[in-house]
Amino acid sequence: MKYLKDLLKGASNIEVKGNRDISIKGVCANSKTVVPGDLFIAKKGMKTDGTKYIPDAINGGAVAILTDLYDSNHAHITQLITSDIALAETSLTSVFYARPSQRLFMVGVTGTNGKTTTAYLIKYLLDKLRGSCGLIGTVEYNVGDRSIPANQTTPDVTTNHKLLWQMAENRCQSAVMEVSSHALTQGRVTGIDFDVCVYTNLSQDHLDYHHTMEEYASAKSGLFREMLNIPKDECRSKSVVVNRDDPYAGHMVKGCTVSQFTYGIDSEADLMGKDISFDGAHTCFSICHEGKTYRCRIPLIGRYNVYNTLAAMGVALTQGFSIEQVIEIVATFPPVPGRMEMVTNSLGLRVVVDFAHTEDALDNALSCIKEMQPERLIT
């Protein structure tokens, strides 16, 4: 619980109509989840206008409303008026939850394919190397002591800060987030202090929203543009981990002032995967790093999972952990739900479930399975 007047410290361009001394027990942008004592944020979305739900929020117990236009019909409720709802939401939410991203080692992962598996790999590594790691992604939101089924890859600003606060309160040391292009365009990760940003790849997807690949690439690069504003004395503690084989890699990190760590298979990079082969439900490959070669075996199948593994390894290596430690940990990585997930059965059938929903992802999945040389492949 915090007093409204304390949340407003440092916030600019907000006019208060009503009592500043009221206590705020929560911040919420969804009228259906408002509880007594909440500050309700009424903002315009892609499909609806949050101001329509102000009466519902008040009925649910909201004691204050953040909106862009004063409504005399709700004069009994404290109203915060601003022309920039998004900026005010970030400011108020971050302060209410005590700037949780600054209490955690934060990793953001963006790209068309591989975000989920890469995020799970990073979480698994950080769990072992740094202590408990939270997760915000397509499958679930894991806040340390429990898992919540996800309803979107990257939630809204308010939900993100609340989840990160729950992680910090549950003694998580780190957090990894899948960051979608929609989230970047809509400012859902604004105010989150990332320590490492990871780029997997870019292929055709969401062009109904972004219209062109150039717009799509520009949206993805937003995660890395944030790194342009890092003060020089903080640059050495921040890193970006980038797939060198992807043609958009240079575009993503153009002008980035923080440390860059590259990975790849076909291009020269800081961390390279070579001599890839498949062994049942495992993939074996060589890793080249700092002039030395190591063998690695992971319980995942497919060339693209080598990319995902290299990306996750890159995050750990930027933090000073040894390549030997990292190789030992990824060898025991558990399966990710719906990501080339092998289904055990008593019929002797090799059944795989994969969430591939883009042309590129489906091509990768089928190519991976064909490399296992099945007599027949049914999709």
Inset, instruction - Could you tell me whether any residue of segment 155-170 is of a type outside the set (S, T, N, Q), open to solvent by 20 Å² or more (accessible area, probe 1.4 Å) and closer than 22 Å to V336 by Cβ? - result: no
Legend entry - One residue from G131, G137, G108, G114 being closer than 18 Å to Q173 by Cα and open to solvent by 10 Å² or more (accessible area, probe 1.4 Å): G131
Inset, instruction - Examine segment 24-41 for a residue that is open to solvent by 80 Å² or more (accessible area, probe 1.4 Å), of a type in the set (A, V, I, L, M, F, W, C) and assigned to a loop (DSSP other than H, G, I, E, B), and state whether such a residue exists. - result: no
Legend entry - Filter result (under 14 Å from T33 (Cβ atoms) and surrounded by 14 or more Cβ atoms within 10 Å (Cβ to Cβ)) within segment 59-74: G60, G61, A62
Legend entry - Where Y53 falls short, out of the listed (1) surrounded by 14 or more Cβ atoms within 10 Å (Cβ to Cβ); (2) without any contact (Cβ under 8 Å) to a residue 12 or more places away in the chain: (2)
Legend entry - Whichever residue in segment 94-105 is outside any helix (DSSP H, G or I) and open to solvent by 30 Å² or more (accessible area, probe 1.4 Å) and, among such residues, is farthest from M313 (Cα to Cα): A98
Inset, instruction - Considering each residue of segment 171-184, count those that are open to solvent by 10 Å² or more (accessible area, probe 1.4 Å) and in contact with a Phe, Trp or Tyr (Cβ under 8 Å, 6 or more places away or on another chain), and give that number. - result: 2
Legend entry - Of all residues in segment 265-297 being modelled with pLDDT of 95 or more and among the β-branched types (V, I, T), the one that is farthest from the chain's Cα centre (by Cα): T293
Inset, instruction - Take the residues in segment 258-280 that are touching a residue at least 12 places away in the same chain (Cβ under 8 Å) and exposed (fewer than 15 other Cβ atoms within 10 Å of the Cβ), then tell me which one is nearest to A365 (Cα to Cα). - result: D279
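The values are calculated or read from the model by the stated rules, or taken from the named source; none is laboratory data. In this text, all values refer to a predicted model and were calculated from it rather than measured experimentally. Here the Cβ is made from the backbone with ideal geometry for all residues, glycine too, and neighbour counts use every protein chain on show. What goes into the accessible areas is simple: the full protein's heavy atoms, side chains included, and nothing from ligands, DNA or RNA. Shrake-Rupley method; radii C 1.70, N 1.55, O 1.52, S 1.80 Å.
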